[in-house]
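Here, each number is a calculation from the coordinates, and none is a lab measurement. Keep in mind that what you see is a predicted model, and the values were worked out from it rather than measured. Methodologically, a virtual Cβ is constructed for each residue, glycine included, from the backbone with ideal geometry; neighbour enumeration extends over all protein chains shown.
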Amino acid sequence: MSKQLMIYDNIQPLSDKHLNWSINVENFEYVSHLNSVPILATEISFAAAEFPVIFSPTNVEGEYIPLAVMGLKEGQNLLLNEKNMLTTRYVPAFIRRYPFVLGGAQGAEVMAVCIDEGSKSVIQDGSKGQRLFKEDGTNSDYLNEVIEFQKDYQSRTEMTRTFCKKLHELGLLEPMAANISIKAKEEIKLNLGGFFVVKRENLKAISDADALDLFKKDGLELIYSHMNSLANFNRLIDAMTAQLAKE
């Protein structure tokens, strides 16, 4: 079965069916096949301290999403340890919101809280973890926190879309490719491409008015965090080198 939204197997809206279910997330195995995850604009400064942050084009012309990079090739996550826990201090919200997600048409006034029924974190007999509902059928405190988190995530997604649209309109994003050589038992060469970054030269070329607007909306902080984060590719290279040395 193919994954939905990168990590979900069987998304279903919460209902009476889930009255006795609980959630017990023990590790992050569910992102072990991902070399990057989407992040929100408000996360860029936090993620940039440990991940390379890049921008990826969507299927919509002029639309991009920020990504926190975790691997150097398809299906590789270099930031999980042997217990499938992230080695970073910061955990992106995309990972933290699992196994829940809001479902419904984009822009809809009402969206349903959904759960991945195929997740290993789902305990159908409620024997361990956080219960979704109380004995009387009302939401547990845990579920109420989940709902607020999902609503906040959704609103910040719209803010992220607006921020990335601004980067595009100002002509700040340019495609970037990187050729990486890793020395192991045999030299391995990797070609990275298909992503976009903010070029310093383009940033210097915008008008004073646009620069002030970015500054007042905290956009400049996010842009500089993104640019500085690209040095974290070295962390991934080191991690891959260490991994290959063990093979």
(message) Restricting to DSSP loop positions (anything but H, G, I, E, B) with no more than 15 other Cβ atoms inside 10 Å of their own Cβ, which GluC sites (Glu not before Pro) remain in the stretch 1-89?
(response) GLU26, GLU61, GLU63, GLU74, GLU82
(message) Amide H of ILE39 versus every other amide H placed in the peptide plane: which residues, excluding those fewer than 5 positions away on the same chain, fall under 5 Å?
(response) LEU67, ALA68
(request) Please list, or write none, the lysines whose alpha carbon is within less than 25 Å of the alpha carbon of LYS204, excluding same-chain residues fewer than 8 places away. (result) LYS165, LYS166, LYS216, LYS217
(message) Please list 3J(HN,Hα) in residue order for the stretch 213-229, calculated via the Karplus relation 6.51 cos²θ - 1.76 cosθ + 1.60 where θ = phi - 60°; whole Hz, with x for glycine and proline.
(response) 4, 4, 4, 5, 9, 6, x, 5, 4, 5, 5, 5, 4, 4, 5, 5, 5
(request) Find how much the distance from ARG89 to ASP208 grows on full extension, using 0.36 nm per residue of separation minus their present alpha carbon separation; answer in nm with one decimal. (result) 39.2 nm
(message) Which lysines, if any, have their Cα less than 18 Å from the Cα of LYS189, not counting same-chain residues under 8 positions apart?
(response) LYS73
(message) Could you tell me how many cubic angstrom of Cα convex hull volume the chain has per residue?
(response) 149
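Assuming R0 = 45 Å, can you tell me the calculated FRET efficiency for the pair ALA184 and ASN144, based on Cβ-Cβ distance, to the nearest 0.05? Each step should come with its number before you reach the end.
Details: r = 49 Å, r/R0 = 1.10.
That gives a FRET efficiency of 0.35.
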(request) For the chain, with a Gaussian network of springs between Cα atoms less than 10 Å apart, report the residue from PRO175, PRO52, PRO66 with the top mean-square fluctuation. (result) PRO175
(request) Return the single residue from PRO57, PRO92, PRO38 with maximal mean-square fluctuation; model: Gaussian network over the chain, springs between Cα atoms under 10 Å. (result) PRO57
(message) Quick one: 3J(HN,Hα) in Hz for the stretch 131-138, Karplus 6.51/-1.76/1.60 with θ = phi - 60°, rounded, Gly and Pro as x.
(response) 5, 7, 10, 7, 4, 7, x, 7
(message) Using the Cα centre of the chain as the reference point, and only Cβ charges (+1 on K/R, -1 on D/E), how large is the resulting charge dipole? Debye, rounded to the nearest 20.
(response) 580
(request) Report, in deg cm²/dmol and to the nearest 500, the calculated mean residue ellipticity at 222 nm for the chain, where each DSSP H run with n ≥ 4 adds -39500 (n - 2.57) and the sum is divided by the residue count. (result) -9500 deg cm²/dmol
(message) Suppose R0 equals 30 Å. What FRET efficiency, 1/(1 + (r/R0)^6) with r the Cβ-Cβ distance, do GLN154 and GLU29 give to the nearest 0.05?
(response) 0.75
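So how do ASP9, ASP208 line up by other beta-carbon neighbours within 10 Å, fewest first?
ASP208, ASP9
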(message) Using only Cα atoms and rounding to the nearest 10 degrees, what angle (0 to 90) does helix 233-246 make with the longest principal axis of the chain?
(response) 70
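What FRET efficiency do you get for SER15 and LYS166 if R0 is 35 Å and r is their Cβ-Cβ distance, rounded to the nearest 0.05? Mind showing how you got there, number by number?
On the way: r = 39 Å, r/R0 = 1.13.
That gives a FRET efficiency of 0.35.
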